[in-house]
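Chemist: Let me begin by handing over the structure; questions about it come next.
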Amino acid sequence: MKFIVIGITDNPNPYFSPEVMAIIRDGNVFSGGKRHHEIVAPLLPADAEWIDITVPLDEVFLQFRVYSSECIVVFASGDPLFFGFANTIRRKMPDAEIIVYPTFNSLQLLAHRLVMPYHDMRIVSLTGRPWAEFDRALIERAPKIGILTDREHTPATIAQRMTDYGYTDFIMHVGEKLGNPSEEHLSTLSPKEAIHRDFAMPNCIILEHRGAVPPRPFGIPDAAFMLLDGREKMITKMPIRLLTLQALQLTGRHVLWDIGFCTGSVSIEARLQFPHLQIEAFEIRPECESIIQENTRKFGAPGIHIHIGDFLETDLTTLPKPDAVFIGGHGGKLKEIIAKLLTVITDNGIIVFNSVTSPKVTTDSHQLWNEACADLGLQQYPPLHIQLNDYNPIEILSCKK
């Protein structure tokens, strides 16, 4: 099949080159969104066939296949290869021939209106996508972020998320209905101001950091965390925390599970140091949910997914498979937890557990670990022994399938 994909803006009187006008004039089958149809309808041949691009897209592509002998002319917003429909065609029909006639995408238009260089802009699409890449851009302190929005991820909801996690040192530039001479509108405001505003669709955002970009913290002081009942012992101490992250080999990992998160210190440190990770945090004590939420906001660590309840009774089938697991608490059921993990962990996955030796701890957790690894056929890495003070030596233990 052959597709010619033509980029357009919201201008109700679009300009096309003579070459593109000839393609439209000679075309028979056309497609695009309903908004695109309204714009180009006066230019189409009288007997033109039109296919609306709506969800579900599988039905749209079934209609395309009816015209497999035709060249289908598709109208798409901006640059069809910039998070655009040409990419969808390539994914759905990898053997199709595609010719693209792009125009400026919405973020380019907004940068042009602002007379802002955009070669250094970090691009994030929230159009039908989760928060993950936006959260990562914030955590990585990108100084300039261009955002494609949708009806769920609006400028107001984006501003609210930024404010919740302390990323308020940005200027928000919002462009509404860009390309439409009579309706486009530009706003420059703070995230706190944007929370209370409504913006016309379609719109897009450029975030511009004000002043020097602050560094990410490396090794959060223990005293800075909100603790469970104020108990300092209920937290993985900062030096141990950093060594634990090293043992988890997180640079090349994708999904981290933190079992028994308590204050969330390990999840939060991992989120800030390795923001590419998807993190699933589990805890049996319901009072810890508000604690980790408070700590994630305090340290600017959005995107940690929280699961409250007994891990051994949790349905894991709907969650992303981990390739790194930290067991921070086990309640005497370490072997059962590891056995359940082995049903979901990836083949190259690693499990890390910190064993504490203390007169007040009657359970020999290192022995439980050794027994679990032996019974379940796991290969152990050499343990790392560390002692922060005169008391309670710690062993960082790790294993793989």
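Chemist: Among the listed residues H112, H119, H153, identify the single one that is buried (at least 22 other Cβ atoms within 10 Å of the Cβ) and free of Cβ contacts under 8 Å to residues at least 40 places away in the same chain. Before you say what the answer is, go through the steps one by one.
Modeler: Details: H112 fails: buried (at least 22 other Cβ atoms within 10 Å of the Cβ); H119 fails: buried (at least 22 other Cβ atoms within 10 Å of the Cβ).
Testing whether each residue is buried (at least 22 other Cβ atoms within 10 Å of the Cβ) and free of Cβ contacts under 8 Å to residues at least 40 places away in the same chain leaves just H153.
Chemist: Taking region 115-152 on its own, how many of its residues are part of a helix (DSSP H, G or I) and either in contact with a strand residue (DSSP E or B) (Cβ under 6 Å, 6 or more places away or on another chain) or on the phi > 0 side of the Ramachandran plot (or both)? Steps first, please.
Modeler: Filtering region 115-152 for residues part of a helix (DSSP H, G or I) gives 132-139.
Subsequent filtering for residues that are either in contact with a strand residue (DSSP E or B) (Cβ under 6 Å, 6 or more places away or on another chain) or on the phi > 0 side of the Ramachandran plot (or both) retains 133-134, 137.
Summing the residues that are part of a helix (DSSP H, G or I) and either in contact with a strand residue (DSSP E or B) (Cβ under 6 Å, 6 or more places away or on another chain) or on the phi > 0 side of the Ramachandran plot (or both) in region 115-152 gives 3.
Chemist: A further question on this structure: Among the strands (runs of 3 or more DSSP E) confined wholly to region 164-245, which include 1 or more residues that are of a type in the set (S, T, Y)? So that I can check it myself, show each step before the final result.
Modeler: On the way: elements: 170-176, 185-189, 203-209.
Fully inside region 164-245 and qualifying: 185-189.
Chemist: Something else about it: Need the failing condition index for G219 against (1) small (G, A, S); (2) surrounded by fewer than 19 Cβ atoms within 10 Å (Cβ to Cβ); (3) modelled with pLDDT of 95 or more, just the number.
Modeler: (3)
Chemist: On to the next question. Can you say whether L243 is open to solvent by 30 Å² or more (accessible area, probe 1.4 Å), in the same structural domain as G328 (by the TED database), among the hydrophobic types (A, V, I, L, M, F, W, C) and under 22 Å from I139 (Cβ atoms), as far as the supplied structure shows? Spell out the reasoning first.
Modeler: Working: open to solvent by 30 Å² or more (accessible area, probe 1.4 Å): yes; in the same structural domain as G328 (by the TED database): yes; among the hydrophobic types (A, V, I, L, M, F, W, C): yes; under 22 Å from I139 (Cβ atoms): yes.
So L243 passes the test.
Chemist: Checking S355 against (1) part of a helix (DSSP H, G or I); (2) in contact with a strand residue (DSSP E or B) (Cβ under 7 Å, 6 or more places away or on another chain); (3) without any contact (Cβ under 8 Å) to a residue 60 or more places away in the chain, only one condition comes out false. Which one?
Modeler: (1)
Chemist: Report, ordered by the first and then the second residue, all pairs with beta carbons closer than 6 Å, sequence separation of six or more or different chains, a first member in region 271-291 that is touching a residue at least 40 places away in the same chain (Cβ under 8 Å), and a second member that is surrounded by fewer than 18 Cβ atoms within 10 Å (Cβ to Cβ) and of a type in the set (D, E).
Modeler: Filtered contacts from region 271-291: P275/E140; I284/D310.
Chemist: Now, a different point. Restricting attention to region 51-82, report how many residues are surrounded by fewer than 16 Cβ atoms within 10 Å (Cβ to Cβ) and either over 16 Å from K2 (Cα atoms) or in the same structural domain as G179 (by the TED database) (or both).
Modeler: 7
Chemist: Which of the residues spanning region 369-401 are of a type in the set (S, T, Y) and either part of a strand (DSSP E or B) or buried (at least 16 other Cβ atoms within 10 Å of the Cβ) (or both)? I'd like the intermediate steps shown before the answer.
Modeler: In the first step, residues of region 369-401 are kept if they are of a type in the set (S, T, Y); the result is 381, 391, 398.
Scanning region 369-401 gives a single hit, S398.
Chemist: Does at least one position in region 222-230 carry a residue that is open to solvent by 30 Å² or more (accessible area, probe 1.4 Å), touching a Cys at 6+ places or on another chain (Cβ under 9 Å) and over 26 Å from T154 (Cα atoms)? Don't jump to the end; show me each part of the working.
Modeler: Going residue by residue through region 222-230, those that are open to solvent by 30 Å² or more (accessible area, probe 1.4 Å) are 222-223, 226-227, 229-230.
Applying the additional criterion that residues be touching a Cys at 6+ places or on another chain (Cβ under 9 Å) yields 227.
Next, from what is left, pick out any that are over 26 Å from T154 (Cα atoms): 227.
Looking for residues that are open to solvent by 30 Å² or more (accessible area, probe 1.4 Å), touching a Cys at 6+ places or on another chain (Cβ under 9 Å) and over 26 Å from T154 (Cα atoms), one finds at least one in region 222-230, hence yes.
Chemist: Collect the residues in region 46-75 that are over 17 Å from N28 (Cα atoms), hydrophobic (A, V, I, L, M, F, W, C) and outside any helix (DSSP H, G or I), keeping them in residue-number order.
Modeler: If the condition is that a residue be over 17 Å from N28 (Cα atoms), hydrophobic (A, V, I, L, M, F, W, C) and outside any helix (DSSP H, G or I), then V55 is the only one that fits.
The values are calculated or read from the model by the stated rules, or taken from the named source; none is laboratory data. None of the values given here were measured: they were computed from a predicted structure. Here Cβ is always computed from backbone atoms with ideal geometry, including for glycine, and neighbour counts include all displayed protein chains. Quick note on the areas: whole protein, heavy atoms, side chains included, nothing else; ligands and nucleic acids left out. Shrake-Rupley method; radii C 1.70, N 1.55, O 1.52, S 1.80 Å.
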